[in-house]
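Let me begin by presenting the structure, written as structure tokens, before commenting on it.
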């Protein structure tokens, strides 16, 4: 049977067919949908973890117990999981273990363009890279087999285009006859004391050598000889671009990008006049081919930065661009918080208080955008609290009171807890605002340990964030309604004046939350045209539901208008209007 699947759906299908028993992840675009699709297969125990390190450790435990396990994350999540990952290559596996790293060239939803192939090389792990949904399914199945054959975890690299692009996939059946999981003691292999690790290291190196030699016989690497004037080595989505733009060129299509199949590369290079490596981001393959003593052209014509596209590839080879049919340009849609978002009032207050805001990763990162313009730093998940502590250590006087860290509920549980623990331990006077919207909103409204539900929608213990903060030693904990602008501003201002650590927790849910008992839409608001003076105060909140409608006489005068289809009845705009021109329609 054939289906049209996205790369993420195909990876989930491949894991199911491979006999995977456990799948664990922390959601992150572009990898999120993999776990949301393993959920369809009841044979797989699928779960969200608090962060990527824990997710990988759960998968490791399942593997050590003899079951096949899948762990998925976006590229920056590999940074969080790197600690167990680097030692996992030494211990090896029992049941096959596959780690999917989904890279995001062009940073469509990420803070950097990290190239995960470098992790495979540094951690001494095999890495496969599919070029379409069909290969996502096939390579995932093969990755489990290679994992057990070579006693190693296997990384599978995807990218935004592969994860979200769709193509035809032929489905297979779930494998049978795998050994039943059971406990098996083998401390010499699995306890990485220095003495044991020294024994394991040479075995890891030999495994990579063996796999490199065997790579030429694997179907995932193949030579496609056409015109011998140009030969191109590529992998992943770049292979698709090469075939589209340079259909006559000979290609060496790599599915195994680490270790590289050296013999196959030499054989291919000997059959073409000019050799190119076409790859996104780092010159990962190019540098290794050059180290083999083979002349190759790569980053001289392909940028180190950004996503490769057919258009950019044509430019690199000096080829004409196809004729583009001019279409009417659509108006721009800059990123913005949703109408009724509970974060909006917080950032409005922080802007008014002229706070120095150390931010974090989540929907609330949009607090940086005008007109709110109330975020000053953003580096990685969980960093806001530690950065606030650092800033407070070096500034003095009134400036010390301005330092505020902002972090979401899911991000706080991901890697923010240790930062708050450090803040209390070292008596930092900064204020922390935990934006508890009852969901992991940015990546698609996934549950987390504070929501009371698991990925499989089973009821679960919900972490009590105020009590957790109290357990860490925070003495001053305030809970506010972020839709009440006056209260929010007053409470934040009071806590900023404290000379010790304080926490403010907002308690309104995401407006897109999937449980109706958690969020209920309020009455729709409207502008009374006669009462509106055109002062534009309501526009300062940046709500997408509020429009400015010019007077039509060419002057700068006009009136505000609230789109009833977008309004959620949050009441924030009414609080901004000094002329009582905004009110409920009910």
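Worth pointing out:
- Compactness of the stretch 2-217 - radius of gyration and Dmax, Cα, Å: 16.0, 51
- As an equivalent ellipsoid, the stretch 343-506 spans semi-axes of 24, 18, 14 angstrom, where each value is the square root of five times an eigenvalue of the C-alpha gyration tensor, largest first.
- The angle between the Cα long axis of helix 133-149 and the main principal axis of the chain comes to about 60°, on a 0 to 90 degree scale.
- Placing a pseudo-label 7 Å from each Cα along the Cα-to-Cβ vector at residue 226 and residue 396 gives an inter-label distance of 6.9 nm.
- The alpha-carbon positions of the stretch 222-316 define a convex hull whose volume is 86 Å³ per residue.
- Helix 194-214 vs. the chain, principal-axis angle (Cα, 0 to 90°, nearest 10): 70 degrees
- On Cα atoms only, tilt of 343-352 relative to the major axis of the chain in degrees: 60 degrees
- The stretch 2-217 - percent relative contact order, Cα under 8 Å, separation 6 or more: 27 percent
- Ranking of 90, 239 by count of other Cβ atoms within 10 Å, fewest first: 90, 239
- The distance linking the stretch 346-391 with the stretch 440-473 is 22 Å (Cα centroid to Cα centroid, whole angstrom).
- Likely footprinting exposure, 546, 11, fewest C-beta neighbours within 10 Å first: 546, 11
- Classified by the C-alpha gyration tensor, the chain has a prolate form. Its axis ratio a/c, with a ≥ b ≥ c, is 1.5 or above, and a/b is larger than b/c.
- Which of 64, 348, 144 has the fewest Cβ neighbours within 10 Å, and the rest in rising order: 64, 348, 144
- For the chain, the relative contact order is 11 percent, taking Cα pairs closer than 8 Å that sit 6 or more residues apart in sequence and dividing their mean separation by the residue count.
- The chain: calculated mean residue ellipticity at 222 nm from DSSP helix runs of at least 4, using -39500 (n - 2.57): -9500 deg cm²/dmol
- Cα gyration tensor category, rounded, prolate or oblate, for the stretch 437-534 with a/c compared to 1.5: oblate
- If R0 equals 22 Å, the separation of the Cβ atoms of residue 427 and residue 484 corresponds to a calculated FRET efficiency of about 0.10.
- Tensor-based shape of the stretch 167-214 (alpha-carbon gyration tensor, a/c under 1.5 rounded, otherwise prolate or oblate): oblate
We did not get these values from a lab; they are worked out from the coordinates using the rules stated. Bear in mind that the values here come from a model prediction, so they are computed numbers and not experimental data. Please note: Cβ atoms are built from the backbone with ideal geometry, for glycine as well, and neighbour counts cover all protein chains shown.
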